[in-house]
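The values are calculated or read from the model by the stated rules, or taken from the named source; none is laboratory data. Please read these numbers as outputs of a predicted model, since none were measured by experiment. Positions of Cβ are backbone-derived with ideal geometry, glycine not excepted, and every protein chain shown enters the neighbour counts.
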Amino acid sequence: MPRARRPAPTPDDTGDLLGSSSAALQPLAERMRPRSLDEMVGQRRLLAPGSALRRSVEAGAVHSMILWGPPGCGKTTLALLLARYADAEFRSVSAVLSGLPEVRQVLAEAAQRFAGGRRTVLFVDEVHRFNKAQQDAFLPHIERGTIVFVGATTENPSFELNSALLSRCRVHVMEAVSAEDIEAALRRALADGERGLGGRGLQVEGDGLRMIAVAADGDVRRGLTLLEIAAELVGEGGTIDPAVLEQVLADRTRRFDKGGEQFYDQISALHKSVRSSNPDAALYWLARMLDGGCDRIYLARRLTRMAVEDVGLADPRALQMAIDAWDTYDRLGSPEGELALAQLTIYLASTAKSNAAYRAFGAARRDVARYGTQEVPLHLRNAPTRLMKELGYAKGYQYDHDAEGGVALDQTGFPDAMGERIYYEPVERGLEIRLKEKLDGLRAARARQRPAPRRGGADPGRED
C-alpha cells in the first residue's frame, strides 16, 4: 500500500531550517533558504510534481544519494528538506573542514539515534574531497540504514567517488538555476517581510533584478548575496539604481574550476569547435577560459596540439603559427599576448583539417606493439665496417636518388615478417590533396613491383 503524502513542514512548527534563534543575524541567502519543495527555484526536471524523487521526498521515503551540481543550485537545501519531510535528524559535515575522527563521532551518534528509532540524514558537503578510506567509513552505516547518506559534489562522481560508495547511492544531477528562476527568488526576498527585505521599503529601478540574476551565473545564493549588498549600500527606503548595481556587479566572475569538471568540459568544447571548423564558437570558448583565469600557457599548449592533431599536414603552416603564438604570449604576457592566442584559434578553426598523420602514427605504434622486436632488413642496415659488409649488411640497397624517378620502387622499408604496410592515408583537403596524388601514384607503382601493402590496423583512440 503506498505511503501517504506528508504535508510540507511549516515555519510555525519547525522554526528556521538551521534551528537557530538568531535568524535575523544570518545572511539573506540563509534566511531565505526554502522551507518546502514548493519554495525551491530551479530543478524543475528533478523535482517536478509527480517526479520520482519528489514523490519519495514528500512521502518521507528518502534514500541515500549523491547530489551533483554547480555551486548555489540547492544541494544543501534539498538535503535539509529531505530530513524535514522524513522527520529525521539532520547532521552535516564538510569534507574540507572535517577529518575521520569527527566523521566517526557523527556516525556513532547516528547509530545511537537509530537504536532509539530515529533516522539521521547525514549531509556530506564536497564529498569528493574525502579520500577512499574516508569514503569507505560510511559504507557499513549506509548498508545498515543507520544513516541516510546525502553527498554533495560539484565534480563528476564517476571520477571522484569510489565505486563502492556509488553502488550504494543514487546519483541525482542538479542544474545551474536559470536567470529567470533566480530573479523570482530575488523578488520573493524583496517582498518577504519576515525573512527577507520586505520591511525596508526598497525600490529597484528598471531591470535591476534581472541584472543581478544574470550576474549570479546560476547560483541562487550568490544572487541573494548581491541583492543584500545592494540593499546595504542604499539603506532603508533606498533605491537600487544602475549606479549602485555598477558598484555591486563590478567584480563579477563566471563559474570556472581550474582543475574540475567545468575546466575539462570547456577545453573539450574549445577543441571540438576548432575541429568542427567553427571559429566563432571556438573564440567564445577561448574567451570563457581566459575569463575564468585559465593558465594561458596551458591554452597555448592545447592549441598547438590541435594544430598537430586536427589540422596536421592539410596545412603545415598551422603548427608554425601555433609556435609563433605561444612565443608571442611568452614575450608579451597578458592581456596583449592573448590576442595572439585568439588569432591562432580563429586560424585553426578556419583552415583545412586532417587527422591523417595522427591516425598514421597511432597505427604504426600499434604495429610496433603487435609485431615486437623485428630485425631491420639487411639491405637497410648500416655497414661501417668490413665485417658488417661480409655479413650482408646494406647488401642490395638501392640508392633512391640514382633510380628512375628518384624512387626504388621494388625496395621495401619494412621487416620481412610484416610486409608492406600503409599507415598514412591523406585526405582530399588542403595540402594533403597534393600529397595524396603523389603517394597514390607511388603506392600503385610499388604494388606492381611487390605484393599489395596492408593497411595498418584500426583507428587510434581519439582524445578530446
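Summary of computed values
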{"item": "Residue 194 being over 20 Å from the mean Cα position of the chain (by Cα), surrounded by fewer than 21 Cβ atoms within 10 Å (Cβ to Cβ) and assigned to a loop (DSSP other than H, G, I, E, B)", "result": "yes"}
{"item": "Qualifying helices (runs of 4 or more DSSP H) (wholly inside region 236-328; at least 1 residues being over 23 Å from residue 222 (Cβ atoms), modelled with pLDDT of 85 or more and of a type in the set (Gly, Ala, Ser))", "result": "261-275, 279-291, 296-306"}
{"item": "Single condition residue 348 does not satisfy, out of (1) farther than 30 Å from residue 282 by Cα; (2) crowded, with 18+ Cβ neighbours inside 10 Å", "result": "(1)"}
{"item": "Only one of 149, 90 that is buried (at least 19 other Cβ atoms within 10 Å of the Cβ), aromatic (Phe, Trp, Tyr) and either under 25 Å from residue 28 (Cβ atoms) or free of Cβ contacts under 8 Å to residues at least 60 places away in the same chain (or both)", "result": "90"}
{"item": "Counted residues, region 350-400 - those being assigned to a loop (DSSP other than H, G, I, E, B), small (Gly, Ala, Ser) and over 30 Å from residue 278 (Cβ atoms)", "result": "5"}
{"item": "Residue count, region 206-231 (criterion: at pLDDT 90 or above and either farther than 26 Å from residue 70 by Cβ or among the aromatic types (Phe, Trp, Tyr) (or both))", "result": "0"}
{"item": "Given (1) assigned to a helix (DSSP H, G or I); (2) among the hydroxyl-bearing types (Ser, Thr, Tyr); (3) crowded, with 16+ Cβ neighbours inside 10 Å; (4) at pLDDT below 90, number of the condition residue 158 does not satisfy", "result": "(3)"}
{"item": "Count - residues of region 70-88 that are in a loop (DSSP other than H, G, I, E, B) and either under 16 Å from residue 182 (Cα atoms) or outside the structural domain of residue 29 (by TED's automatic domain parsing) (or both)", "result": "5"}
{"item": "Candidates 122, 107 - the one that is within 27 Å of residue 58 (Cβ to Cβ), surrounded by 15 or more Cβ atoms within 10 Å (Cβ to Cβ) and either modelled with pLDDT of 90 or more or in contact with a strand residue (DSSP E or B) (Cβ under 8 Å, 6 or more places away or on another chain) (or both)", "result": "122"}
{"item": "Residue 331 vs. criteria basic (Lys, Arg) and surrounded by fewer than 14 Cβ atoms within 10 Å (Cβ to Cβ)", "result": "yes"}
{"item": "Exclusive hit being under 28 Å from residue 83 (Cβ atoms), in contact with a Cys (Cβ under 8 Å, 6 or more places away or on another chain) and of a type in the set (A, V, I, L, M), set 177, 173", "result": "177"}
{"item": "Residues (surrounded by 20 or more Cβ atoms within 10 Å (Cβ to Cβ) and assigned to a loop (DSSP other than H, G, I, E, B)) located in region 51-69", "result": "62, 64, 69"}
